[in-house]
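The values are calculated or read from the model by the stated rules, or taken from the named source; none is laboratory data. Here the structure is a predicted model, which means the values were calculated and not measured. Cβ: placed from backbone, ideal geometry, glycine included. Neighbour counts: every protein chain shown.
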Amino acid sequence: MDTQFKKGVLELCVLASLARKEQYGYELVSKISKAIAVSEGTIYPLLRRLKDEHHVQTRLVESREGPPRKYYQLTAEGRKRTQSLAKEWQQFTEKINHYLTNENKEDKR
Amino acid sequence: MNKNTFLTTLRASLKGLPQEEIDDIINDYEEHFAAGKKKKRTEANIAKALGNPKDLAKQHKASHRIKKAEQTGSASNIIRAVSASIGLGFFNLIIVLGPFVAIASVIIALFATGIAIAASGIALMLASIVSPFITIITMPINSSLGLLFVGIGLLALGILFIIGTWQLGKLFGKLTVSYLKLNASIITCKKEKEETP
């Protein structure tokens, strides 16, 4: 799959995943990288950026077995952004799919 | 690659960022390794899945620089953000780089012109005051008062030039930062930017 597609869509996937559930870094990264093949490390700079933009916030949760874990969750702004990105994605893919199916029909004439 | 090599390479590549930020970034990856090892993965396996630490550092640096350029709007920060983004291989930035340098040069030239005009204005003002009997052959003004007024006019024009170019430069800077942010995340939502203050 084209790298440019992936880059754009990665943010949407991360936000959508966090919208469902608050997660810690490793958890989120493992999940996303199964859905969309990117090197796992790239998700951390993205999470940092989302935090700087106040779309995501973090909290530390003490862990019995080791150092505290950083949990990521969406802010209210983050939820809004998720909705708009999801909507944009939907409109975009609808248009493209429509275009592709129509193109095929024209070729068959 | 084991965890130590990964983290050492990452830390070295992150040089230039504030120490606090570097430590925070390294902590995140430490946490990732710790979580992975609990799932019985090997360090080599975890490191490979994470990717090349030098590339990751480039991404972290670019994000940070774009953020700083947006906050401060200073020319040096904007230039750092542009070069960090080019380093990430945003191909279209190479295409845009030519025009970017051209426009930046024009702005610098306009700025220099403004200074030159203002300086000539000051020179004429001084000339009219210091040597009241000076007539400059090229100028059809042979009264020192007239010379003074021309000098003041040129100074004002120069200052206007400088102020105008400064504003133009700031606008250009903002546009550059917006363009870099656009490249960093392909899908943007213009509507949302209008909604949230």
Report the residue count in region A:34-59 for those that are touching a Gly at 6+ places or on another chain (Cβ under 9 Å), within 7 Å of chain B (Cβ to nearest Cβ), assigned to a helix (DSSP H, G or I) and not charged (D, E, K, R). 3
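Determine whether B:LEU160 is assigned to a helix (DSSP H, G or I) and at pLDDT below 90.
Numbers: assigned to a helix (DSSP H, G or I): yes; at pLDDT below 90: no.
Taking the combined requirement at face value, the residue does not satisfy it.
Can you find a residue in region B:33-42 that is within 12 Å of chain A (Cβ to nearest Cβ), free of Cβ contacts under 8 Å to residues at least 40 places away in the same chain and within 34 Å of the chain's Cα centre (by Cα)?
Taking region B:33-42 and keeping what is within 12 Å of chain A (Cβ to nearest Cβ), we get B:33-39, B:41.
So of that shortlist, the ones also free of Cβ contacts under 8 Å to residues at least 40 places away in the same chain come out as B:33-39, B:41.
So of that shortlist, the ones also within 34 Å of the chain's Cα centre (by Cα) come out as none.
No, the conditions are met nowhere in region B:33-42.
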Residues in region A:17-33 that are crowded, with 18+ Cβ neighbours inside 10 Å, more than 10 Å from chain B (Cβ to nearest Cβ) and either under 20 Å from A:ARG59 (Cα atoms) or among the polar types (S, T, N, Q) (or both): how many? 4
Any residue in region A:61-83 that is away from every other protein chain (no Cβ under 11 Å) sitting within a Cβ distance under 6 Å of a residue that is part of a helix (DSSP H, G or I)? List the pairs, counting only those 6 or more apart or interchain. A:LEU74/A:LEU18; A:LEU74/A:ALA19
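Could you list, in sequence order, the residues of region B:43-61 that are surrounded by 21 or more Cβ atoms within 10 Å (Cβ to Cβ) and either at the interface with chain A (Cβ under 8 Å from one of its Cβ atoms) or of a type outside the set (A, V, I, L, M) (or both)? Before you say what the answer is, go through the steps one by one.
Residues of region B:43-61 surrounded by 21 or more Cβ atoms within 10 Å (Cβ to Cβ): B:46-47, B:50, B:53, B:56-57, B:59-61.
B:LEU50, B:PRO53, B:LEU56, B:GLN59, B:HIS60, B:LYS61 - these are the residues of region B:43-61 that are surrounded by 21 or more Cβ atoms within 10 Å (Cβ to Cβ) and either at the interface with chain A (Cβ under 8 Å from one of its Cβ atoms) or of a type outside the set (A, V, I, L, M) (or both).
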Check on B:ILE79, surrounded by 15 or more Cβ atoms within 10 Å (Cβ to Cβ) and within 18 Å of B:GLY173 (Cα to Cα): yes
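Scan region A:75-87 residue by residue and report those that are in a helix (DSSP H, G or I) and either farther than 13 Å from A:GLU11 by Cα or of a type in the set (Val, Ile, Thr) (or both). Break it down stepwise before answering.
Applying the first criterion (in a helix (DSSP H, G or I)) to region A:75-87 yields A:76-87.
Across region A:75-87, the qualifying residues are A:ALA76, A:GLU77, A:LYS80, A:THR82, A:LYS87.
What number of residues in region A:29-73 are of a type in the set (Gly, Ala, Ser) and over 16 Å from B:ILE46 (Cβ atoms)? It would help to see each step written out before you state the result.
Quick first cut of region A:29-73, residues of a type in the set (Gly, Ala, Ser) only: A:30, A:33, A:35, A:37, A:39, A:41, A:63, A:66.
When the remaining residues are screened for being over 16 Å from B:ILE46 (Cβ atoms), the result is A:35, A:37, A:63.
Looking only at that region, the number is 3.
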